[in-house]
Every structure is written in C-alpha cells, then in structure tokens.
Amino acid sequence: MSELDAVDRRLIDTLQGGFPLCPEPYAGVAATLGIGESDLLARLQRLLDDRVLTRFGPMYQIERLGGAFVLAALAVPEERYEEVTAAVNALPEVAHNYRREHALNMWFVLATETPAGIAAAVDRIEAATGLKVYAFPKEKEFFVEMKLAARA
C-alpha cells in the first residue's frame, strides 16, 4: 500500500462530508481540492485498490426501494473457515463479511431486491455450507454519523 499524501487525506476528509449532486460531481470535488478530475478519479481508484477505502458509493435505505437487508451469522468450524467464506462471498447478496471471536464467528449482511429474497439467500447459504444461518432482522434504525480524520 502506498503512503497517503496531503491530497489523499483531504480527499478522504472531503468525501466523508458528502458528495455533490450536480451534473459533474467529480469535477466539483476535484476543483475543491485544487486537482484535476482525472487525478481525483485515479486517486479514488488507488485508495480502493489499496483497501484504504473499502467502499465508495451512496448509502440507500433499501426498504424504501422495496428491498430488504438483514445481519446474519454462522458458526463456522475453524478448519472450514476459508471454504465457507468463499461459498458465502460467492453470493451477490452478501456484503460486509467479517470474522469475529465468538461462537458465531462469521457475520455478514444480506441485501436483496425483495423481502422474500432474504429467505432464498439464507436457504442457498445453508445448502452450500451445511451450516445454519442465524438471521437478525433490524428492529430499529439509528443514524450514527462517524467521520474519521485522515491524518499523517
């Protein structure tokens, strides 16, 4: 991974505060940072490739669009962890797969176009892994705005 320079850090800090809704948003952000649009796009791609940023894009309330999501977990035997990870991550509905030190040691988010898609994705994971999926639907939503300053 390459070192972050001052522009990279300002870019990260700037994008945490929002993204402009205008005909040329990347050009607008680039102008704010005093760089060209092509430089901005190259920097964003490098930050994603280097996993400094794991995601860049909008956050949607999927239920308002008719979809659904759920936090899910598996108790994966250690000797099968890599195999199960590959099987789970192969599904397009899976995001945010994390290992935890707990009996339920694999946690992930399922996001589907319809509420019925959750049960179908759970069934596919259980069939592929032979393990029970524990699904934890959202009971209440909270907005927590967390901004982390990108410092040297």
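Rank by packing, highest mean first: peptides 77-89, 139-151, with packing defined as the count of other Cβ atoms within 10 Å averaged across residues.
Values: 77-89: 13.5, 139-151: 6.9.
So the peptides 77-89, 139-151, ranked by packing, come out 77-89, 139-151.
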Listed peptides 27-37, 59-69 by packing density, highest first (mean Cβ within 10 Å): 27-37, 59-69
Cross-link reach list, aspartates and glutamates versus Lys138, counting only Cα pairs under 15 Å and skipping chain neighbours closer than eight places: Glu63
In the stretch 1-63, the trypsin sites (Lys or Arg not before Pro) that fall in loop regions by DSSP, at most 15 other Cβ within 10 Å: Arg51, Arg55
Three principal axis lengths of the stretch 35-152 [C-alpha, angstrom, descending]: 51, 37, 24
For the chain, calculated [θ]222 nm from helices alone, where every DSSP H run of n ≥ 4 adds -39500 (n - 2.57): -11000 deg cm²/dmol
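Readers should treat all values here as calculations from the given coordinates under stated rules, not as data from a laboratory. These numbers were taken from a predicted model, which means no experiment stands behind them. Neighbour counts are summed over all protein chains in view; Cβ atoms, including those assigned to glycine, are modelled from backbone coordinates with ideal geometry.
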